Amino acid sequence: MFGWFDSKAVDAFADGAVADLVKRVPPEKMHAKASAQRLKSTGDMIFTRADNFGRSQALNVYQRARLGNRVKWALKEAGYPPEFVDALTYELVTVITIAGARKK
């Protein structure tokens, strides 16, 4: 029962993904043309990690919601545009959900 609310792995993944994004593509440089390729490669790396994480962890509804919420607020606090934050959060949770479903 209490394992259902365990979110240590989820928090660590979310914090790591956001830290990588902020390090590789800072919010203030997102609109630069040179950052487009860096953003694409960073996004690919984050989604690959999300797929691997989703396959290795059996996340329940609470844990997926916590992951999305943690990523969303961390990106907002970092200063990313709201449209980008919503899109990335949605895609990240979707990738993890689909990876978990493929595992079963």
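The values are calculated or read from the model by the stated rules, or taken from the named source; none is laboratory data. Remember, predicted model here, so these are calculated numbers, not experimental data. Don't worry about glycine lacking a Cβ; one is built from the backbone with ideal geometry, like all the others, and counts go over all protein chains shown.
You will find that of Leu59, Leu39, the residue that is within 19 Å of Ile98 (Cα to Cα) and surrounded by 15 or more Cβ atoms within 10 Å (Cβ to Cβ) is Leu59 and no other.
Remark: pairs (first residue in region 7-28, in contact (Cβ under 8 Å) with a residue 40 or more places away in the chain; second residue polar (S, T, N, Q); Cβ separation under 8 Å; 6+ apart in sequence or on different chains) = Ser7/Gln63; Ala9/Gln57; Val10/Gln57; Val10/Gln63; Leu21/Thr42. Considering region 1-94, the qualifying helices (runs of 4 or more DSSP H), each wholly inside and each with 2 or more residues that are more than 15 Å from the chain's Cα centre (by Cα), run over 35-56, 61-78. Going through region 65-81 one residue at a time, which ones are modelled with pLDDT of 95 or more and either crowded, with 17+ Cβ neighbours inside 10 Å or not small (Gly, Ala, Ser) (or both)? Matches in region 65-81: Arg66, Leu67, Gly68, Asn69, Arg70, Val71, Lys72, Trp73, Ala74, Leu75, Lys76, Glu77.
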